[in-house]
Amino acid sequence: MSYRSWKPVVRQLEAKVAPFTESQRKVTQALGIHLNGQLPKNVVAAMIEDHLKPLIRDRQPPAATDRQLELLRELKHPGDLEDISASVASAWIEHHLDVLNLHILKEMKFKAGGTVALVRDCIDITTGEIYPEPRIRTISSIDRRGRLHFQGGGGQGAWPSQVIGVDYTETE
């Protein structure tokens, strides 16, 4: 589902990044999984699945890849990364990116008709040089995950963290 404004997307992302549910707490308690803090519900879901995988599939969950661990460090993941599984790492990565995009959506208040430029069209990442005329894109919609879709078709789009607002003034 797509939207013309940032507001319904923010509500959906806030629900998605919320702490674990009471049902998840009961399941983890029954399984003997210790939950500390307010872990996100998608991370707890991955933990439950990992715990059950050996019982159901007779195999251990695969370990996180080097690339996943590197990305978690880049995202400044505050937790311990030792012995983390690939599925829990993926859940954490998704959570951190959702929180980042949620923050930017709230700040920028994107809507259909707004104009943005992709960061890669504005800055040369190797030199840091700013391009004089970035390609401007017009937002056509925002999907439930927070991804911005651009006019012109062809699947053009970007995450809020990948764009810079251009003359963007939207009032609440």
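The values are calculated or read from the model by the stated rules, or taken from the named source; none is laboratory data. Predicted model only: the values in this text are computed from it and were never measured. Ideal geometry is used to build each Cβ from the backbone, glycine not excepted, and the neighbour counts take in all protein chains shown. We work out accessible area using only protein heavy atoms, side chains counted, and drop any ligands, DNA or RNA first. Shrake-Rupley method; radii C 1.70, N 1.55, O 1.52, S 1.80 Å.
Between Ala30, Ala46, Ala112, the GNM of the chain built on Cα springs shorter than 10 angstrom shows Ala30 fluctuating the most. The alpha-carbon atoms of region 3-92, seen along their principal axes, cover 46, 32, 24 angstrom, with the largest extent given first. What share of Cα pairs, in percent, lie more than 11 angstrom apart in region 118-161? Pairs farther apart than 11 Å: 68 percent. Of the solvent-accessible surface of the chain, computed with a 1.4 Å probe and all protein chains present, 52% belongs to carbon and sulfur. Between Thr126, Thr21, Thr115, the GNM of the chain built on Cα springs shorter than 10 angstrom shows Thr126 fluctuating the most.
Looking at the chain as a GNM with Cα springs under 10 Å, which of His149, His95, His51 has the largest mean-square fluctuation? Comparing His149, His95, His51 in the GNM, the peak value goes to His51.
With the alpha-carbon atoms of region 1-53 aligned to their principal axes, the span from lowest to highest coordinate is 44, 23, 14 Å, starting with the largest. Residues whose amide H falls under 5 Å from that of Ser141, counting only those 5 or more places apart or on a different chain, are His149, with hydrogens built in the peptide plane. Accessible surface calculations at 1.4 Å, restricted to protein heavy atoms, place region 1-98 at 63 Å² per residue. Spin-label pair Lys106-Leu55: with each label point 7 Å from Cα along the Cα-Cβ axis, the two points sit 3.7 nm from one another.
Rg then Dmax, both in Å and based on the Cα atoms of the chain: 19.1, 59. For the chain, the number of Lys pairs separated by eight or more positions or lying on different chains, with C-alpha atoms closer than 15 Å, is 6. Computed from backbone phi, the HN-Hα couplings of region 40-50 come to x, 5, 6, 6, 5, 4, 5, 5, 5, 4, 4 Hz, rounded to whole numbers (Karplus: 6.51 cos²θ - 1.76 cosθ + 1.60, θ = phi - 60°; Gly and Pro given as x).
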